[in-house]
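Asks: Quick one: this structure, given as structure tokens, is what I'll be asking you about.
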Amino acid sequence: MSRMVIRATALSAVVFFGAQGMADPQVLVRTFDQIDVVGNERFRDGDVLATAGLEVGQTYTEDDLRASVEALEFTGEFKEVRIFSDGPALTIEVDEEPEHHGELSFGLGYEGGTGPFGVVDLSLDDALGNGSKVRAGLRFAEEYTTVHASVANPSFWGGSRAGGVRLSYGDYRYDNALFDYTTAALSPYLSFDVGEFGTGEVRLTAFKTDISDVDPTASPIIQAEAGDRLVFGPGVSVVFGQSSDATAWAIRLDQDIYGGDSTISRTELKLSARARVVGSASIRTRIEVGTVRGLSGDETTAADRFTLGGASMRGFARGGISPRDVCLGCGAGGEDLITDLGGEIYAVARTEFVLPLFQDRPMLEPFLFADVGSVWSVDSATAPAGVLEDDQVWRSSAGLGLAIATPLGRFSATFAPHIDSEAYDDEAEFNLSFTREF
């Protein structure tokens, strides 16, 4: 009795005959009264046979069986497909690819201060096997384009060592700034557990910035910071948190130190909490503090420093709170020249009282809010054109808002009738914003 094996991989299909089969020309035409499928877990036997186009009692040639193998391989659901014949019995053995789930989302929106924007998000679960997760996203508007991508796996570094790699790119062309800048980062990381309620990661980041198209009227500080810079170095993050139906809290600390063209230290601490207070009403707050400093005599640039406004400080336009170089009457026509520089230290607290008005539509969240924050300190050896206003002064705002939760992120509209600002701050009584955490 002759025995035939047809095998297919992602690259090729190969046919093997035993010695007797090669001598007997009748082996090239066969009829099978039994067809078995083995190795399948996610797919039913009937689905495999239907895809292969095989039925009991039909007559098949070698080319027919080869086509069946290739039809199964073409689905992309199998690492390898093998067909064994033993007399009138045929066996299809499959090695399935890991199951994965994916989602591709598209969205359009409008954001106060920057106008219309688009969002594209891609997520793939178990795309590369072993529980791997792939995330990628694109966000674009007239004034900016940002791209991010990440791959994470519980055994990314082998064994039980979880981690992954992140990539990001941003091109910022804001009309209310006197310069453009780009940022790009590549960061492989190793993640780990910290006790019962915490997680952490260590990473190595390569970070590139480029300040370009500086307006001739911009502060000499920005003029001196123009150009590109490459830095790289280690970082660590720890996150602790706990959540229940009534309360939730989280604390996150990020610390990075970069060397290369400059030596920079960046630290941020973020605390968030939520609690149910009356019925279904709840209160939530988020407190953030951060600092970025040049080490060993190096200086930060505007691409490193912080500003507040938009979603980070409601009642103000994006970047509307910042240390500034204020030069009164310095323009060619005697006008004032004001350059936002960003600050090396910031602190902000955002609090919301969520009103239970749409309990049957949990994606809608009406809320009252109160924000307070400040950005200060610019350490530069370059003299300003006028007066460097970088003192620590608190600003505040209060009002009401409505948020809509979507798969793409959180859209929020706010109205701030109370705004306590300083001279040259860019206020925005009404604002639309979009936020998404990656």
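The values are calculated or read from the model by the stated rules, or taken from the named source; none is laboratory data. Since this is a predicted model, take the numbers as computed values, not measurements. Cβ: placed from backbone, ideal geometry, glycine included. Neighbour counts: every protein chain shown. Surface areas here come from the heavy atoms of the whole protein model, side chains and all, with no ligands, DNA or RNA. Shrake-Rupley method; radii C 1.70, N 1.55, O 1.52, S 1.80 Å.
Asks: Determine the principal axes of the Cα atoms in segment 204-350, then give the extent along each, sorted from largest to smallest and rounded to whole angstroms.
Replies: Principal extents (largest minus smallest coordinate, Cα): 61, 39, 21 Å.
Asks: Top mean-square fluctuation among VAL289, VAL120, VAL48, Gaussian network model of the chain, C-alpha springs under 10 Å?
Replies: VAL48
Asks: Give the accessible surface of the chain per residue, rounded to a whole number of Å², with probe radius 1.4 Å and ligands, DNA and RNA excluded.
Replies: For the chain, the per-residue accessible area is 51 Å².
Asks: Still on this structure, I have one more. Can you pull the three principal axis extents for the Cα set of segment 163-234, in Å, largest first?
Replies: Extents along the principal axes, in whole Å: 54, 22, 19.
Asks: Whole-Hz ³J(HN,Hα) for each residue in segment 221-233, computed from phi via Karplus 6.51 cos²θ - 1.76 cosθ + 1.60 with θ = phi - 60°, x for glycine and proline: what do you get?
Replies: So the Karplus estimates, Gly and Pro as x, are 5, 5, 4, 6, 8, 4, x, 9, 8, 10, 10, 7, x Hz.
Asks: Between ASN40 and residues 5 or more places away or on another chain, which pairs have amide H atoms under 5 Å apart, with H built 1.01 Å from N, and which residues are they?
Replies: VAL94
Asks: What is the local net charge at GLY315, summed over the other residues whose Cβ is closer than 13 Å to its Cβ (Lys, Arg +1; Asp, Glu -1)?
Replies: -3
Asks: Using a 1.4 Å probe over the heavy atoms of the protein chains, calculate the carbon and sulfur portion of the accessible area of the chain as a whole percent.
Replies: 57 percent
Asks: How far, in degrees from 0 to 90, does helix 62-74 lean away from the longest principal axis of the Cα atoms of the chain, to the nearest 10?
Replies: The angle comes out at about 20 degrees.
Asks: Roughly how big is segment 157-229's charge dipole about its Cα centre, with Cβ charges of +1 (Lys, Arg) and -1 (Asp, Glu), in debye to the nearest 20?
Replies: So the magnitude is around 380 debye.
Asks: Per DSSP H run of n ≥ 4, the term is -39500 (n - 2.57); total these for the chain, divide by its residue number, and report the mean residue ellipticity at 222 nm rounded to 500 deg cm²/dmol.
Replies: After summing the helix terms and dividing by the residues of the chain, the value is -2000 deg cm²/dmol.
Asks: Pull out the extension gain between TRP394 and LEU328, defined as 0.36 nm times the separation in residues minus the alpha carbon to alpha carbon distance; nm, one decimal.
Replies: The TRP394-LEU328 span can extend by a further 21.4 nm.
Asks: Quick one: what are the phi-derived ³J(HN,Hα) couplings along segment 160-169, Karplus 6.51/-1.76/1.60 with θ = phi - 60°, whole Hz, x for glycine and proline?
Replies: After applying 6.51 cos²θ - 1.76 cosθ + 1.60, I find 9, 8, 7, x, x, 8, 10, 10, 8, 8 Hz.
Asks: Let me ask something else about it. FRET efficiency for VAL387 and LEU253, Cβ-Cβ distance as r, R0 = 41 Å, nearest 0.05?
Replies: 0.70
Asks: Starting from the eigenvalues of the Cα gyration tensor, five times each then square-rooted, give me the equivalent ellipsoid semi-axes of the chain, largest first, whole Å.
Replies: Working through the eigenvalues yields semi-axes of 59, 26, 20 Å.
Asks: Sticking with this one: Over the Cα atoms of segment 229-269, what Rg and Dmax result, in angstrom?
Replies: 15.2, 48
Asks: Sticking with this structure for a sec: For the pair GLU142 and GLU103, how long in nm is the line joining their label points, each one 7 Å along Cα→Cβ?
Replies: Spacing of the two 7 Å Cα→Cβ label points: 3.2 nm.
Asks: Could you tally the net charge around ALA398, taking each other residue with its Cβ under 10 Å from the Cβ of ALA398, Lys/Arg +1 and Asp/Glu -1?
Replies: Neighbourhood net charge equals -1.
Asks: Same structure, new question: Less than 12 Å from a label point 7 Å out along the Cα-to-Cβ axis of VAL29: which backbone N atoms in segment 59-82 qualify, by residue?
Replies: Only 59-62 pass the distance filter.
Asks: Follow-up question, since we're still on this one. If you split all Cα-Cα distances of segment 36-181 into 5 Å bins from zero, what percentages do you get per bin, shortest first?
Replies: 2, 8, 13, 12, 10, 9, 9, 9, 8, 6, 5, 4, 2, 1, 1, 0, 0
Asks: Could you work out, for segment 301-438, what percent of all Cα-Cα pairs fall into each 5 Å distance bin, beginning at 0 Å and stopping at the bin that holds the largest distance?
Replies: Binned Cα distances yield the sequence 2, 10, 18, 18, 16, 13, 9, 6, 4, 2, 1, 0.
Asks: Rule-of-thumb check for segment 152-200: C-alpha Rg over 2.2 N^0.38 Å?
Replies: 1.77
Asks: Still on this structure: Apply the Karplus curve 6.51 cos²θ - 1.76 cosθ + 1.60, θ = phi - 60°, to the phi angles in segment 305-314 and return the couplings in whole Hz, x for Gly and Pro.
Replies: Working through the residues one at a time gives 7, 9, 9, 10, x, x, 5, 7, 7, 5 Hz.
Asks: Counting only other residues whose beta carbon sits under 13 Å from that of PRO116, what net charge do I get with K and R as +1, D and E as -1?
Replies: With Lys, Arg at +1 and Asp, Glu at -1, the net is -2.
Asks: Figure the gain on full extension for ASP426 and THR267 (residue separation times 0.36 nm, minus the Cα-Cα span) and round it to one decimal in nm.
Replies: Gain in length upon complete extension: 54.6 nm.
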